[in-house]
1. For B:Phe238 and B:Val206, compute 0.36 nm times the residue count separating them, minus their Cα-Cα distance, and round to one decimal in nm.
2. From the phi angles alone, apply the Karplus equation (6.51, -1.76, 1.60; θ = phi - 60°) to the range B:56-71 and give each ³J(HN,Hα) in whole Hz, x where the residue is Gly or Pro.
3. Set the Förster distance to 56 Å, then compute FRET efficiency between B:Lys195 and A:Glu107 from the Cβ-Cβ distance, nearest 0.05.
4. Note down the relative contact order for the range B:84-127 as a percent, whole number, built from C-alpha pairs under 8 angstrom at least six residues apart.
5. Mean separation of Cα pairs under 8 Å and 6+ residues apart, divided by the residue count of the range A:8-101: what relative contact order is that in percent?
6. Note down the relative contact order for the range B:19-164 as a percent, whole number, built from C-alpha pairs under 8 angstrom at least six residues apart.
7. Using a 10 Å cut-off on Cβ atoms, rank the peptides B:245-256, A:24-35, A:74-85, B:230-241 from the highest mean neighbour count down.
8. Once amide H atoms are built 1.01 Å from N in the peptide plane, which residues 5 or more positions from A:Asn62, or in another chain, come under 5 Å H to H?
Amino acid sequence: MTDYAFSFDQLSNYLILGAALMSLGMLGFLSRRNLIVMFLSAEMMLQGTALTLVSFSRFHGNWTGQVFTIVMLTVAASEAALALALILVLFNRNRSLDISLWQGLRESGLPESLDTDKAEPYVPLPGPESYPNLTPSGVEPPHPRQPWEQRRG
Amino acid sequence: MTLLDTRDFGWILAIVALGWVGMWLLLPHRHGGSRTTRVTSVGALLAGIALLLFLPLLTPPGPLLPTLFFYAFSLLSLIGAVLMITARDPVYSALWFATVVLASSGLFLLAGAQFLAAGTVIVYAGAIIVTFLFVLMLAQSHGQAIYDRSARRPLASSFTSLLLLGALVASIVATGSGVTEETPSPVVSVNDLVKGDPATEPVALVAATAVRETARLPEPHEFGQRPPHVAGLGGTLFTDHLLAVEVIGLLLFIALIGAVAIATPRIPVRPDRSNGSAPGSSSSAPAGTA
C-alpha cells in the first residue's frame, strides 16, 4: 500500500498548521506598514486556508477541496495582478510604499492612527559596505581603481 | 463535543503568551526606534519556544519518512512565516514568503495533492514572487525607510492575532480530544458514508448521490501501481465543476483587463503644452524614504 490512512489526527495536524499560517498572516497585515509586505501577508493567509482545504479534501475522500484550492489560486493570482498595478500607481503618486500616507481614505470621524513625527532617524552601520570579491577579468580599465567607501541609501 | 482539559488549555495559553511577547519584541518598534541585539534575541528565543510548543500538538503521521518530512515542512513554514512578518527589508520578506510557499507545497504533497503542490510552486514561487521582487527593486528602500522600520500598534496587533490563533487551535484540539475507542473520529468522513450500503442506509444514499463517482479520490493502490491523480482531478474539474472553470477563466480575463487599465501610465493633458511631462515626475520630494 502506498497510501496510509488519513485519520482525524492527521487532519488536525494540517488544521493547526493552517490556523498558524492564517493568524501569522493576519499579524503581518495588521502591523506592517509596507504595502508589498501587507499584500504578501494576505497571500500567506490564503496559503493557510489552502492547506486546510487540501487536508479536508483528503479526509473526506473527494476532490472538492482541491478544486476549491485551484479556484483560490486563480483568485490569488488575479488579486496579485490588480494589487501590483495599484501599488505601482500609488507609488508613482507619492514615491513611497507607506500605507499611512493614504490615511485620508479612512472613515470620517476617526483620528489619525500614526505619529511618525516621533520617529528616530536611520542610523547606518559604520564602515564601508562589504561587496563580494569578484575575480578580475578582461582588460584593465584605464582609470585608477577606487575602493568603495560609501554605503547605499 | 468535549471541552479542553486543563493541560491542553495551559499549553495553548503558554503558546499564546510566549508568542505574544516574542512577536512583539521581534516586530519593528512603534515609532521606528532601533532594537538592541539583546531585545531581538530575547524575542527570537520566546517566539522559538512558542513554535516548538506547537510540535507536541501535532501527531506523527505513521511511518518514519513521512513523519520526518512532515515535521521538517511544518517547522520550516512556521519559521518562515515569523521571519517574513518581522523582516525589515521587504526583499527578505518576499524571499521568506517563497520559503513558506515551498514548505506548504511540500505539505500538499504529503496530503496527496501532487498537482496542487506543483501548481503552487509555479504560480506563487514562480510568478508572484518574481513580480513582487520586481516592484521591490523599483522601490529600492532596503529596509531603511521609516515605514519599514516601524510597525502599526505591534503590541495590540500581535495580541489580537495570537488570541485568534489560540482560539482556533483550542477548538481544533478540543474536537480531537473527543476520541475514544468507540468513536475513533469525532468528525464523520464522507468517505466512510459513501462506502455504506445505499439500499439500507439513507445517509449513504444521500452521500453517494451528492458525491458522484468522478468526484471521489482514487482508492489507494498496491505498491508500484500509481493511482491516476491528475487525470482524476481533470475529470472532476471538467465534469462536476465545469461552470466554475468557466467562471475562473472569465475572472482571470477581467483581472488582466483591469491590471492593464490601472497600470498604464496616463500622460496628463495640458492645454498649454503639446507634450506633457512624464507622470509622477512632478510629485514632491520623496516622502518617508531615507
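Values quoted throughout were computed directly from the atomic coordinates according to the rules given, and no laboratory measurement underlies them. As the structure is a prediction and not an experimental result, all values here were calculated from the model. No Cβ is skipped: glycine too gets one built from the backbone with ideal geometry, and neighbour counts run over all protein chains shown.
1. Extra length available between B:Phe238 and B:Val206 comes to 9.3 nm.
2. Running phi through 6.51 cos²θ - 1.76 cosθ + 1.60 with θ = phi - 60° gives x, 6, 8, 9, x, x, x, x, 5, 5, x, 4, 4, 5, 5, 5 Hz.
3. Computed FRET efficiency for B:Lys195 and A:Glu107 comes out at 0.55.
4. RCO, the range B:84-127: 31 percent.
5. The value is 29 percent.
6. Numbers: 154 pairs, mean separation 48.8, N = 146.
The value is 33 percent.
7. Result, highest mean first: A:24-35, A:74-85, B:230-241, B:245-256.
8. Excluding prolines and chain starts, which carry no amide H, the hits are B:Leu217.
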